[in-house]
1. What chymotrypsin sites (Phe, Trp or Tyr not before Pro) does the stretch 81-176 have in DSSP loop regions with at most 16 other beta carbons within 10 Å?
2. Keeping all protein chains in position, work out how much accessible area SER169 exposes to a 1.4 Å probe, and write it in Å² to the nearest 10.
3. Which of the residue pairs LYS126/LYS170; LYS116/LYS209; LYS126/LYS156; LYS156/LYS209 have a Cα-Cα distance greater than 28 Å in the structure shown?
4. How would THR274, THR185 line up by accessible area, probe 1.4 Å, largest first?
5. Taking θ as phi - 60°, what are the ³J(HN,Hα) couplings along the stretch 229-234 by the Karplus curve (6.51, -1.76, 1.60), each to the nearest whole Hz, with x for Gly and Pro?
6. Rounding to the nearest 20 debye, state how big the charge dipole of the stretch 259-309 is about its Cα centre with +1 on each Lys and Arg Cβ and -1 on each Asp and Glu Cβ.
7. Quick one: accessible area per residue over the stretch 247-292, 1.4 Å probe, rounded to a whole number of Å²?
8. With a 1.4 Å probe and every protein chain left in place, work out the accessible area per residue of the stretch 54-205 in Å², rounded to a whole number.
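The values are calculated or read from the model by the stated rules, or taken from the named source; none is laboratory data. Since the structure is predicted, the reported quantities are computational estimates derived from the model, not experimental observations. Quick reminder, even Gly has a Cβ in these numbers, built from the backbone with ideal geometry, and neighbours come from all protein chains shown. What goes into the accessible areas is simple: the full protein's heavy atoms, side chains included, and nothing from ligands, DNA or RNA. Shrake-Rupley method; radii C 1.70, N 1.55, O 1.52, S 1.80 Å.
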Amino acid sequence: MIRSRKITAAAAVVLVFCMMGSVLLLRKLDQVRTGATLEEVLYVSSPKLLRRFSLGYDGLLADIYWTRAVQYFGGKQHIDYRGRYELLWPLLNITTQLDPRLIPAYAYGQTFLSAKPPEGAGTPDKAIELVGYGIRNNPDDWHLYYDLGFIYYDQKDYHGASDAFLRGSKVPNAHPFLKILAAQTAEHGGDLQTARMLWSATYQTSRDKNIRANAAAHLRAVQVDEEVPQLERLIDAYLQRMGHSPNSFFEMIRAGFLRGIPVDPLGNPYQLTTDGHVLLSDPDSVPFAQKGLPLGYVAPAHPKVLPSD
């Protein structure tokens, strides 16, 4: 009986301390909501410690830290801080650690972090870390892969961008355009093998005539981007053996370097310049090609894409 009373008394003491802690925490949260300084917001900077102190209010704390992050970023936009956003990452990190499923914190937070100063923090590595954490905790949200892909794209990491878009395209109910973005960035980054695989898959699986026509046009461009460097290497080999550049493809045929006049995917013969470069005879007919373009060529605003079969 006495032991039972001791246990009850101990439990009551613990309950009282918990209630006191809850009151103090809620008062602290109210200070944050009503305009406390950032130093007060980050009085406890450890997400794990905050979670322990939250007494089940993780979501509430996350919402408050997210609101404060937005206020902090907005304040920097209107006051001359010379592009300094030292507390932006800690605020976003705490927010998402407290509530890993708070999608807006990833969607907008990555923009705040990756934008160049003074518009943002200029820390794309932190943006990648933030969205990567979001993907690990929300693997079925294709929007996060989309955001990650464009962070890499802005950094000219086309392989990383293509990989992010491709992973996102495999998420259930993902937008079909992710496959196209994956193929485009692979092609732009010079990964022609991956680009061909993705454009071929797009062409074979899509029922939309416009998408199929676009995929076919990109496949022709990939072929040109492979063939032109190959031909120019043969021209270099001819120069090394014969001691002079060929004046025409006919000379290369007679010397055994070619079996016939090389043509582009549409059957138009390539052109050989006097300085050993290979050009498309009609570059407008092969939009998206990056090789074989005449010096100073400007692509039309609306590329000519042939109808698909």
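1. On the way: sites: TYR81, TYR85, TYR106, TYR108, PHE112, TYR133, TRP142, TYR145, TYR146, PHE150, TYR152, TYR153, TYR158, PHE165; in loops: TYR81, TYR85.
Answer by residue number: TYR81.
2. Its heavy atoms expose roughly 20 Å² to the probe.
3. On the way: LYS126/LYS170 25 Å; LYS116/LYS209 39 Å; LYS126/LYS156 16 Å; LYS156/LYS209 31 Å.
As for pairs spanning more than 28 Å Cα to Cα, those are LYS116/LYS209; LYS156/LYS209.
4. On the way: THR274 135, THR185 5 Å².
Largest accessible area first, the residues go THR274, THR185.
5. x, 4, 5, 5, 5, 5
6. Numbers: 3 positive and 5 negative charges, 18 e Å.
Its charge dipole is roughly 80 debye.
7. Numbers: 2460 Å² over 46 residues.
For the stretch 247-292, the per-residue accessible area is 53 Å².
8. Working: 7550 Å² over 152 residues.
The answer is 50 Å² per residue.
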